[in-house]
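To start, the structure under review is shown below, and the notes come after it.
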Amino acid sequence: MLDLSVNLLGKKLQNPLILASGIMGVSVSSLKYVIQNGAGAVIFKSIGPDERTGHKNPTVFSFEGGIQNAVGLSNPGIDNSTEKLKEAVSTLSVPVIGSMFAENVNNFKIVAEKMAKTGVAAIEVNLSCPNTEDDFGRMFALEPKVTGEVIRAVKSVVGKTPIIAKLSAESPDIVEVAKSAEEAGADAITAINTISGMFIDIKHKRPILTNKYGGISGPVIKPMGVKAVYNIYKAVKIPIIGTGGVNTGEDALEYIMAGAAAIGVGSGVYFRGIDVFKKISDEIIVFMENEGYKSLNEIRGVVHKN
Amino acid sequence: MLDLSVNLLGKKLQNPLILASGIMGVSVSSLKYVIQNGAGAVIFKSIGPDERTGHKNPTVFSFEGGIQNAVGLSNPGIDNSTEKLKEAVSTLSVPVIGSMFAENVNNFKIVAEKMAKTGVAAIEVNLSCPNTEDDFGRMFALEPKVTGEVIRAVKSVVGKTPIIAKLSAESPDIVEVAKSAEEAGADAITAINTISGMFIDIKHKRPILTNKYGGISGPVIKPMGVKAVYNIYKAVKIPIIGTGGVNTGEDALEYIMAGAAAIGVGSGVYFRGIDVFKKISDEIIVFMENEGYKSLNEIRGVVHKN
Amino acid sequence: MKKIDKPLALPIKKIVRESERVKTFIFDYDFPGKPGQFVMCWVPGFDEKPFGIIKKEGEGFSISVAAVGNTTKALHMMDVGDLLGFRGPYGSHFKLPEKGSIALIAGGYGMAPLSYLAQEARKINLEVYLFVGANKKEELLYMDWMKEIGVKVHTATDDGSYGYSGFNTELFKIYVEKMIFGKVFIVGPEIMEFNATQICYEKNIPFEVSLERYMKCGFGLCGQCCVDSTGWRMCVEGPVLNQDELKKVTEFGKYHITSSGKIKKL
Amino acid sequence: MKKIDKPLALPIKKIVRESERVKTFIFDYDFPGKPGQFVMCWVPGFDEKPFGIIKKEGEGFSISVAAVGNTTKALHMMDVGDLLGFRGPYGSHFKLPEKGSIALIAGGYGMAPLSYLAQEARKINLEVYLFVGANKKEELLYMDWMKEIGVKVHTATDDGSYGYSGFNTELFKIYVEKMIFGKVFIVGPEIMEFNATQICYEKNIPFEVSLERYMKCGFGLCGQCCVDSTGWRMCVEGPVLNQDELKKVTEFGKYHITSSGKIKKL
Ligand SMILES: Cc1cc2nc3c(=O)[nH]c(=O)nc-3n(C[C@H](O)[C@H](O)[C@H](O)COP(=O)(O)OP(=O)(O)OC[C@H]3O[C@@H](n4cnc5c(N)ncnc54)[C@H](O)[C@@H]3O)c2cc1C
Ligand SMILES: Cc1cc2nc3c(=O)[nH]c(=O)nc-3n(C[C@H](O)[C@H](O)[C@H](O)COP(=O)(O)OP(=O)(O)OC[C@H]3O[C@@H](n4cnc5c(N)ncnc54)[C@H](O)[C@@H]3O)c2cc1C
Ligand SMILES: Cc1cc2nc3c(=O)[nH]c(=O)nc-3n(C[C@H](O)[C@H](O)[C@H](O)COP(=O)(O)O)c2cc1C
Ligand SMILES: Cc1cc2nc3c(=O)[nH]c(=O)nc-3n(C[C@H](O)[C@H](O)[C@H](O)COP(=O)(O)O)c2cc1C
Ligand code: FES
Ligand code: FES
């Protein structure tokens, strides 16, 4: 029998498709809805030390082949979120991963410690939001050293909870950053986050987003994501959650062949609907049947051999 | 009367659309053909110290919304090119800009000196090719300091020939790089070059390009280009040739409103045909007529005021 | 129906003051959209907010906006010719029965989507009974238009300045005892909606309600508008829900999520 | 006609050895393309090269490849079921007259596009005279197919092992004196093409020739295939040029550009 299951950080996922952070993941109900539509695991929207309402709209829009967003890390703050995380962990049928951000090492520790206690399957450390430069300065994931520091600090307070470092293709040093995260104790890597850009409305004569810049996701960033995963795979031993522009089974397979252990799906919810998870799974199955594969292990990283 | 002309580096261009380097610009004839189709100026394909045949095919293909290429800086070498450059300068009806690359400061000087003597209107220094890492190492344009060194060296040997520094959005420090180039004497900035990525063919189970990675151009990189121009415009006084994903008048206007003095057009030749230059000019004119503008000066950088 | 997902700049063609708090902004553009669906309207320099789409016969499209906060007040300051940005149409829409009588229960700017629905209903010759509530007479919208197209208008004002003195839901309750409505359509403040749906459940009348939640993306990605306990997105699976769907929305009439993601009681 | 611009992986369905140096690779896929157009064929691990497209009646499509260098030799080593990647169709195509007689002048694998053209010409009942040249008898391609569809085949071999002894252009010159061809189609080594076009110019016969240049992108971007003095791209405006267009191509029969961009004499 054809098997799409993967083992990730000690958990078994029925399929490799993980809801990416910031999409849908605001409540237990919304995650449940995503799971009903076929996600193998889910990641909550990033949570920080304090409540944030985020940027003003327009914060999200879509263009040919992509989404641009500068939601601005809106979230209720960790203290308003722990109950929700616990409820999610205890009621949802797939592994629930928390996501966190902060503006300095100390706050990373505070949030991580509280989040770890909720029992989440893992904590994804968002080091790569491109939309909060004005509030928080340069993203952490640009620098190997800074990334290592944050991961080490987080690791020191989370006990056995696995840590995932979420990286950015905006760093030309992404491979070094990944290595540094691994060295600091990260248990997995997510690559990539959105890539920053600007759209101008020539009639309004201003950027479309209130934040002016915004992170770009969807198909247009897939080649940058695949390249990142391909290179990181060569450099680290920890698993990689390949993320960025996965809309179809073919997209997912590109990442898996580049070496991804699992796949993050975000904008695909817009491009193909909430059942994007089911659709991608089905498409992967068709491909594997045609090619005579039984398990994803047979094709993971296969590009490195050719 | 509506006027699309722009002054750039002491030359008057009938319109702001400049053929980007590496597209069509291999011979005097090919440039003449581009000019017949409406380009306001042309840039030759980058020329280096020695002859290079470039990477093996596949070196170029197109996907939804973009082009990927790793031509690999094929060129006949500067010594086989000076006659061609001179002929272009003396026979073509618009400003002819040379483009150059090299693997170290010394060779940059050698090529630049020879190129300057051909009488080109300017020399674009390609510091940002993402496709020759294996041969040449990391691109120069990632680092402000390295960029400054190269530009200073080039400036020292070219006499009065204006120098354009061609930068990459792959550098998170692109604004610092631009400032450093300006300080070192660059007379203009081109932003941006292609952005590196990877496409895997899941049936072949290998990257499509022989070079594995390749630079991505076309509509998908426009938001990164516009952001770069917007930010560089705030930081430097020298003119910017906004390049990346310009297929339509609207695209060009986004760049101009972000602050671009002129516009590079490359992949648009594929997406809209060789007459892309005429088409874009016409579209800009329609917009300006509708909005009642008489000259591009009225809208250049206007986004910074809103 | 093609969606526009990147804001489309459109100049205001005409502005109509409907009441003290509500203005209608008319655009010369055939924006797609069915009754109950909404557009995201970008007011440059302020914010981008959801408004019900109205396509009055002979016009492009329009939105009717109550000035309640910063953005809507800024919108009220705008002039003919000024540009707004539009995305949409988003969300589910009302489904009319093929024949018979329907009732519309409207509170405040709930009249906006329901006026468009009334027009479509009258086009196919349904009997349309409107139960509209407002604080006072001056707040009632589209009365002329509704009468013109043959809608049977029943008004209720809090101060009794026009029609029934009290809530429109009370008025509806009186009529429902003596009349048969094939379907009821409800849009207004959530408490009004809640009361109206209770009546319909009691009387076993099929209905549709538009459930407004805070919107960011408007197209199903950010999760901001998801409701308990189904997780449905009010910008995709909603805002229009029917009587069976609504039963599963346990938060209806109780609470919603703020823009930071916190729970706020009604 | 939809183009495929990202390599499409297709398994080889059948391989036919046409001659010592030429094999035909057949694919079970209805690739678009007209006679004279070409595909870019990716031989994974080697290179991606241009080949004329052939769509023989009843087959998907095929390419006939002469083993001349690394890539084509690698291609010759491949088996049924192996995958190749295809982009295209690219370039201009031959335009047949509506009636009358045409002559095809083919050298080497020039027979590939001309065989497909011959098929299309016979479909509309044109008289087709083929003047085909090769070193020796064993190098002649598609003789059975051509005869089958009613093409009048005239062969010339350098060693006289089959038909006329000498060049096919000489043979053509003999026929042209006594026959009237409405149009001539020429594909082969550039020197053969040059000689053939000289005859046509002299006799004032309209013709089309396929002018091969080194190709990289195949779709008009890289400039690799541009010719002097027009700057036309042989992957877009060419490879098929007519007698008037060809006059403007001053480099024809003289030189071309190598993959580094240097000029190389014929
Ligand atoms: C599906 C839908 C259809 C709507 N149709 C109309 C309409 O046709 N006419 C009309 O006048 N109003 C309509 N609204 C409400 C309208 O969006 C708000 O009045 C407007 O956003 C207020 O913005 P503000 O900045 O002026 O006020 P604020 O001070 O920001 O907010 C006032 C109140 O408006 C609501 N609100 C604010 N922002 C949002 C948001 N992004 N999404 C949803 N609700 C918000 C909240 O209840 C808030 O308390 C609709 C809302 C939804 C969800
Ligand atoms: C429009 C066009 C149609 C063609 N159709 C056919 C065909 O139907 N059948 C066939 O056998 N051959 C055809 N060719 C020629 C074929 O492309 C070359 O034989 C092939 O590229 C040789 O590659 P190689 O690696 O085996 O040999 P190499 O050793 O690389 O080259 C041998 C010779 O082939 C030519 N060549 C090599 N690379 C290219 C290239 N990228 N573009 C153009 N020419 C090149 C050059 O003349 C070179 O000297 C066509 C060429 C063009 C331009
Ligand atoms: C609307 C939106 C909000 C997002 N919010 C977050 C977030 O809070 N934290 C985070 O780590 N990533 C966030 N992301 C990035 C996604 O998790 C993902 O890395 C990115 O969108 C690329 O994947 P995709 O192309 O599948 O969308 C967000 C993306 C979008 C589109
Ligand atoms: C096929 C191809 C070859 C290129 N070669 C060069 C080059 O030699 N030198 C250079 O500076 N840029 C080169 N570029 C980059 C372009 O000049 C341009 O910066 C980039 O393509 C973005 O613009 P576009 O989106 O309009 O194509 C090349 C681009 C393409 C597509
Ligand atoms: S507003 Fe974003 S999902 Fe509904
Ligand atoms: S092969 Fe690139 S332009 Fe023709």
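The numbers here are math on the coordinates, done by the rules we state, and not lab data. Since this is a predicted model, take the numbers as computed values, not measurements. Reconstructed Cβ throughout: ideal geometry from the backbone, glycine too, with neighbour counts over all protein chains shown.
Restricting the first member to the stretch A:196-220 and to residues that are basic (K, R), and the second to residues that are within 16 Å of ligand 4 (Cβ to nearest atom) and assigned to a strand (DSSP E or B), the beta-carbon pairs closer than 9 Å and six or more apart or on different chains are A:K212/A:M198.
Between A:G159, A:G266, the distinction of being of a type outside the set (A, V, I, L, M, F, W, C) and within 23 Å of A:S74 (Cβ to Cβ) belongs to A:G266 only.
Report, by residue number, each residue of the stretch A:261-303 that is in a helix (DSSP H, G or I) and free of Cβ contacts under 8 Å to residues at least 12 places away in the same chain. Selection gives A:N290, A:E291, A:N297, A:E298. Restricting attention to the stretch B:84-113, the residues that are within 15 Å of ligand 4 (Cβ to nearest atom), in a loop (DSSP other than H, G, I, E, B) and not charged (D, E, K, R) add up to 2. I'd like the residue in the stretch C:23-37 that is outside any loop (DSSP other than H, G, I, E, B) and closer than 22 Å to C:E139 by Cα and, out of all such residues, is nearest to the other protein chains (Cβ to nearest Cβ). Among them, the one singled out is C:F25. Of (1) touching a strand residue (DSSP E or B) at 6+ places or on another chain (Cβ under 6 Å); (2) within 16 Å of ligand 5 (Cβ to nearest atom); (3) of a type in the set (A, V, I, L, M, F, W, C), A:V71 satisfies all except one. Which? Going through (1) touching a strand residue (DSSP E or B) at 6+ places or on another chain (Cβ under 6 Å); (2) within 16 Å of ligand 5 (Cβ to nearest atom); (3) of a type in the set (A, V, I, L, M, F, W, C) one by one, A:V71 breaks only (1). Checking B:S196, B:S267, B:S217, B:S295 one by one, the residue that is in contact with a strand residue (DSSP E or B) (Cβ under 6 Å, 6 or more places away or on another chain), of a type in the set (S, T, Y) and more than 30 Å from A:I192 (Cα to Cα) is B:S295 and no other. Residues that are within 16 Å of the chain's Cα centre (by Cα), over 19 Å from B:V146 (Cα atoms) and charged (D, E, K, R) within the stretch B:184-226 comprise just one, B:K222. Among the residues of the stretch C:222-231, not a single one is within 18 Å of C:A106 (Cβ to Cβ) and out of contact with any strand residue (DSSP E or B) (no Cβ under 7 Å at 6 or more places or on another chain).
Considering the stretch B:202-238, the residues that are of a type in the set (D, E, K, R) and buried (at least 23 other Cβ atoms within 10 Å of the Cβ) include one that is farthest from ligand 1 (Cβ to nearest atom), namely B:K222. In the stretch C:214-230, the residues that are under 16 Å from C:V249 (Cβ atoms) form Cβ pairs under 7 Å with partners that are within 12 Å of ligand 1 (Cβ to nearest atom) and aromatic (F, W, Y), at six or more places apart or across chains, as follows: C:Q224/C:Y214; C:C225/C:Y214.
Looking at C:V16, C:V65, just one residue is near ligand 1 (Cβ under 10 Å from one of its atoms) and either within 25 Å of C:R213 (Cβ to Cβ) or of a type outside the set (F, W, Y) (or both), and that residue is C:V65. Scanning the stretch D:186-218 for residues that are within 13 Å of ligand 2 (Cβ to nearest atom), more than 18 Å from B:G54 (Cα to Cα) and over 15 Å from the mean Cα position of the chain (by Cα) returns no hits.
Residue pairs whose Cβ atoms lie under 7 Å apart, sitting 6 or more positions apart in sequence or on different chains, and linking a residue in the stretch C:113-127 that is surrounded by 17 or more Cβ atoms within 10 Å (Cβ to Cβ) to a partner that is assigned to a helix (DSSP H, G or I), are C:S115/C:W145; C:S115/C:M146; C:A118/C:M146. With a requirement of 3 or more residues that are more than 16 Å from ligand 1 (Cβ to nearest atom) and in contact with an Asp or Glu (Cβ under 9 Å, 6 or more places away or on another chain), the strands (runs of 3 or more DSSP E) lying completely within the stretch C:151-266 that satisfy it span C:152-157. Annotation: of all residues in the stretch C:219-263 being among the β-branched types (V, I, T) and under 16 Å from the mean Cα position of the chain (by Cα), the one that is farthest from ligand 3 (Cβ to nearest atom) is C:V240. The residues on offer are C:V187, C:V209, C:V249, and the sole one that is away from ligand 6 (no atom under 16 Å from the Cβ) and touching a Gly at 6+ places or on another chain (Cβ under 7 Å) is C:V187. Sort out which residues of the stretch D:36-54 are of a type outside the set (A, V, I, L, M, F, W, C) and near ligand 2 (Cβ under 8 Å from one of its atoms), and write them in order of number. Correct list: D:D47, D:E48, D:K49, D:P50, D:G52. When you check C:V153 against the structure, is it buried (at least 22 other Cβ atoms within 10 Å of the Cβ), farther than 19 Å from C:V16 by Cα and among the aliphatic types (A, V, I, L, M), yes or no? When the stated conditions are applied, C:V153 does not pass them. Only one of the listed residues (A:E182, A:E176) is farther than 26 Å from B:K227 by Cβ, assigned to a helix (DSSP H, G or I) and either of a type outside the set (V, I, T) or at the interface with another protein chain (Cβ under 9 Å from one of its Cβ atoms) (or both). That residue is A:E182. Within the stretch C:38-70, being more than 16 Å from ligand 5 (Cβ to nearest atom), within 14 Å of another protein chain (Cβ to nearest Cβ) and either hydrophobic (A, V, I, L, M, F, W, C) or touching a helix residue (DSSP H, G or I) at 6+ places or on another chain (Cβ under 8 Å) (or both) holds for C:V43, C:G45, C:F46.
Listed by position, the strands (runs of 3 or more DSSP E) enclosed by the stretch A:14-66 that each have at least 3 residues that are within 15 Å of ligand 5 (Cβ to nearest atom) are A:60-63. Pairs linking a residue in the stretch D:47-69 that is free of Cβ contacts under 8 Å to residues at least 60 places away in the same chain to a residue that is within 16 Å of ligand 6 (Cβ to nearest atom) and among the charged types (D, E, K, R), with Cβ atoms under 6 Å and 6 or more positions apart or on different chains, are D:D47/B:K56. Take the conditions farther than 30 Å from A:N290 by Cα and either assigned to a strand (DSSP E or B) or within 14 Å of chain A (Cβ to nearest Cβ) (or both) and apply them to B:I216. Does it pass? Criteria met by B:I216. Total residues in the stretch A:50-92 satisfying the condition of being without any contact (Cβ under 8 Å) to a residue 12 or more places away in the chain and of a type in the set (F, W, Y): the figure is 0. Every test in (1) in contact (Cβ under 8 Å) with a residue 40 or more places away in the chain; (2) closer than 30 Å to C:Y175 by Cβ is passed by C:H76 save one, and that test is (2).
Can you tell me which residue within the stretch A:55-82, out of those that are within 16 Å of ligand 1 (Cβ to nearest atom), more than 7 Å from chain C (Cβ to nearest Cβ) and buried (at least 24 other Cβ atoms within 10 Å of the Cβ), is farthest from A:T132 (Cα to Cα)? Applying the filter and picking the extreme gives A:N69.
Screening the stretch A:152-177 for residues that are touching a residue at least 60 places away in the same chain (Cβ under 8 Å) and buried (at least 24 other Cβ atoms within 10 Å of the Cβ) and picking the one that is nearest to the chain's Cα centre (by Cα) gives A:K166.
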